Amino acid sequence: MTIQTIGVVGAGQMGNGIAHVMALAGYDVLLNDIDQDALDKALEIIRKNLDRQVGRDKVTASEMQAAMARITATVELSDLGQTDLIIEAATEREAVKQKIFDALLPHLQPHTILTSNTSSISITRLASRTDRPEKFMGFHFMNPVPVMQLVELIRGIATDKETYQSCLEVVEKLGKTAASAEDFPGFIVNRILMPMINEAVYTLYEGVGNVNSIDQSLKLGANHPMGPLELADFIGLDTCLAIMNVLHEGLADTKYRPCPLLTKYVEAGWLGRKTGRGFYDYRGETPVPTR
């Protein structure tokens, strides 16, 4: 099946990034959120990011205008039922995602493919709640979507070859690279990345190093572009904790136990950049370590 129209559920950081790259690649995009203000803000961010790409000669002004014209915002989830492919990019909570798919089901076309941008939740389990587990898979973009080149494609136990091939063709049309992952907790990227971040938090918790020395060590000693604690703040400490809990519960191995300090920061509401404080305090002109 040739995919032409794409529905994106959720207009947050991931959702607006997905809408951005899809529209730029020539797809007609229906962007949904329950909050009209969130949709207005998303369109503003997309326009700003496209304008930045124009300034860097990544896209032309006419390509930017055409991309913006391809995006339609709606607060009605049912409107997405007429699209060929739906990408759910809501918050990383399984109950929320299941509620969205339940609400979508009565409005879908027979051929519509359902996907989730989940970073760790079981695709097989999400698919089993729908009427089309064979047309359901994981479509996991990296953040920030317009910049990052990788997309993880995760097949559930029932996902058919045609669905996988259709999604692979979309990734290729975006000019990105697909990595096929099996449906196990964390998939590939987060199965490796999150335990590293969690271990960095343990290193801080146990007093082996402070925030600055840990991040400097990995940037200069392992040539990472961003330190693990800085990266955790960028991702969101609540998201990091949620993924560690999925790994810990899903694999039943104590090596995935979330660090108590990570839990404490989340309990304090210090979730990283999005709240102004995490392992760094972002409320001043330059970020300052909080430990």
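The values are calculated or read from the model by the stated rules, or taken from the named source; none is laboratory data. Computed from a predicted structure; not experimentally measured. All Cβ positions, glycine included, derive from the backbone under ideal geometry; neighbour counts span all protein chains shown.
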Task: Set Ile243, Ile235: member being touching a strand residue (DSSP E or B) at 6+ places or on another chain (Cβ under 8 Å), of a type in the set (A, V, I, L, M) and surrounded by 14 or more Cβ atoms within 10 Å (Cβ to Cβ) - done: Ile235
Task: Index of the failed condition, Leu105 passing every other in (1) within 29 Å of Ile243 (Cβ to Cβ); (2) over 22 Å from the mean Cα position of the chain (by Cα); (3) not in a helix (DSSP H, G or I) - done: (3)
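Across the range 170-221, which residue is nearest to Thr263 (Cα to Cα) among those that are small (Gly, Ala, Ser) and part of a helix (DSSP H, G or I)? Before the answer, list the steps.
Applying the first criterion (small (Gly, Ala, Ser)) to the range 170-221 yields 175, 178-181, 186, 200, 207, 209, 213, 217, 221.
Filter once more, keeping what is part of a helix (DSSP H, G or I): 200, 213, 217, 221.
Numbers: Ala200: 14, Ser213: 21, Ser217: 24, Gly221: 27 Å.
Per the criteria, the residue is Ala200.
With respect to Ala252, determine if the residue is surrounded by fewer than 22 Cβ atoms within 10 Å (Cβ to Cβ) and either modelled with pLDDT under 95 or farther than 14 Å from Met196 by Cβ (or both).
On the way: surrounded by fewer than 22 Cβ atoms within 10 Å (Cβ to Cβ): yes; either modelled with pLDDT under 95 or farther than 14 Å from Met196 by Cβ (or both): yes.
Criteria met by Ala252.
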Open item on the list: I want to confirm something. Restricting to the range 83-126 and keeping residues that are in contact with a strand residue (DSSP E or B) (Cβ under 6 Å, 6 or more places away or on another chain) and over 22 Å from Met142 (Cβ atoms), which single residue is surrounded by the most Cβ atoms within 10 Å (Cβ to Cβ)?
Closed with: Thr83
- [ ] Kindly check whether there is at least one residue in the range 76-89 that is polar (S, T, N, Q), without any contact (Cβ under 8 Å) to a residue 60 or more places away in the chain and under 26 Å from Arg132 (Cβ atoms).
- [x] yes
TODO: Just give me the residues in the range 153-199 being farther than 24 Å from Gly250 by Cα and touching a Pro at 6+ places or on another chain (Cβ under 6 Å), in sequence order.
DONE: none
- [ ] Could you grab me the full set of residues in the range 275-291 that are of a type outside the set (Asp, Glu), within 18 Å of Ser213 (Cα to Cα) and outside any loop (DSSP other than H, G, I, E, B)?
- [x] Tyr280, Val288, Pro289
